[in-house]
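The values are calculated or read from the model by the stated rules, or taken from the named source; none is laboratory data. Every value quoted in this text rests on a predicted model; they were computed, and no experiment measured them. Please note: Cβ atoms are built from the backbone with ideal geometry, for glycine as well, and neighbour counts cover all protein chains shown.
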Amino acid sequence: MKMRLQKYLAAAGAASRRAAETLILEGRVAVNGRSVRVLGSKVDPKTDAVTIDGEPVRPRRKLYVALHKPRGYLCARRDPQKRRLVLDLLPPEWNTLYPAGRLDRDTEGLLFLTNDGEFCHCVTHPSFGILKRYIVTVSGRASEALAVRLIEGVRHRGEQLQAVAAQVVSANNTRSRLEVVLCEGRNREVRRMMKALGVSVERLQRIQIGPIKLGELPSGKWRVLTPAEVQTLFRIARRPSEKLAAKGR
């Protein structure tokens, strides 16, 4: 059965789907010796020979890892400034993995890494609506009015930013903790919303992606997702009714 070339590259673990599209447009992908530059071109995985920069694309064993990202680590495969990377926390033989989504350098918590571009696409693309749950610690006493503002949405640098759900977990005159649920997961979304509302963030931690919780996984440690967990994430991404049900949890 034929499949789209960018989907094949992602499924083979050669690149995320977006990166695969870029490779195709740059003319770096060839099928049976002929360069292909048209997105949506189809290949037969059983009979067609696919290469990137002349190197054969061979499907790799798919791997799905949950990491408790500490503060101070970058969600990148390399950094010119030689700062610490999340890949430094994994075994060296897993250097082909890449983050499925991002947490900024100062944010900690649950992060997926994989070599399955299709999984990465499902977890990160807004159209699939995989919910992400955060605990944010802010300075001073937070009221329920702040949680309401987050749900109503705020504008920051021309973008409308909005939480799916938000509530105050604890509050005193020194600091408060809120639980915030996002769907789209735009760049630094929680921090930008708080900044737009004049609130200072002391700590930000992602505690859940879809049904997968950070739980007791220690900071800097990882575990391999079970096949059942991976299949559940794929299933939720394809069934909007389940995503809506997750909002109420």
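Can we say ARG102 is touching a Cys at 6+ places or on another chain (Cβ under 8 Å) and part of a loop (DSSP other than H, G, I, E, B)? Yes, satisfied. Here region 64-82 is the region considered, the condition is being assigned to a loop (DSSP other than H, G, I, E, B) and of a type in the set (Lys, Arg), and the residue that is nearest to ASP106 (Cα to Cα) is ARG71. Residue count for region 1-42, restricted to those that are in a loop (DSSP other than H, G, I, E, B) and farther than 23 Å from ALA76 by Cβ: 11.
Residues checked against (1) hydrophobic (A, V, I, L, M, F, W, C); (2) touching a strand residue (DSSP E or B) at 6+ places or on another chain (Cβ under 7 Å); (3) under 30 Å from ALA15 (Cβ atoms):
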{"site": "SER127", "(1), (2), (3)": "no, no, yes"}
{"site": "VAL154", "(1), (2), (3)": "yes, yes, no"}
{"site": "VAL190", "(1), (2), (3)": "yes, yes, yes"}
{"site": "LYS213", "(1), (2), (3)": "no, yes, yes"}
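When the strands (runs of 3 or more DSSP E) confined to region 105-162 are screened for residues that are more than 17 Å from the chain's Cα centre (by Cα), those reaching at least 3 such residues are found at 132-139, 154-156, 159-161.
Residues in region 88-96: is at least one closer than 23 Å to CYS122 by Cα and in a helix (DSSP H, G or I)? Among the residues of region 88-96, at least one is closer than 23 Å to CYS122 by Cα and in a helix (DSSP H, G or I), which makes the answer yes. Of the listed requirements (1) more than 30 Å from LEU9 (Cα to Cα); (2) modelled with pLDDT of 95 or more, GLN160 misses just one: (2). Quick check, is GLY185 among the small types (Gly, Ala, Ser), closer than 25 Å to LEU113 by Cα and in a loop (DSSP other than H, G, I, E, B)? Considered against the rule, which asks whether it is among the small types (Gly, Ala, Ser), closer than 25 Å to LEU113 by Cα and in a loop (DSSP other than H, G, I, E, B), GLY185 comes out as yes. Mind checking whether some residue in region 133-147 is in contact with a Ser or Thr (Cβ under 8 Å, 6 or more places away or on another chain) and buried (at least 20 other Cβ atoms within 10 Å of the Cβ)? Yes, there is a match, as at least one residue in region 133-147 is in contact with a Ser or Thr (Cβ under 8 Å, 6 or more places away or on another chain) and buried (at least 20 other Cβ atoms within 10 Å of the Cβ).
Residue-by-condition table, conditions (1) in contact (Cβ under 8 Å) with a residue 40 or more places away in the chain; (2) out of contact with any Asp or Glu (no Cβ under 8 Å at 6 or more places or on another chain):
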{"position": "LYS2", "(1), (2)": "yes, no"}
{"position": "TYR8", "(1), (2)": "yes, yes"}
{"position": "ALA14", "(1), (2)": "yes, yes"}
{"position": "LEU25", "(1), (2)": "no, yes"}
{"position": "GLY33", "(1), (2)": "no, yes"}
{"position": "VAL43", "(1), (2)": "yes, yes"}
{"position": "TYR64", "(1), (2)": "yes, no"}
{"position": "PRO70", "(1), (2)": "yes, no"}
{"position": "ARG77", "(1), (2)": "no, yes"}
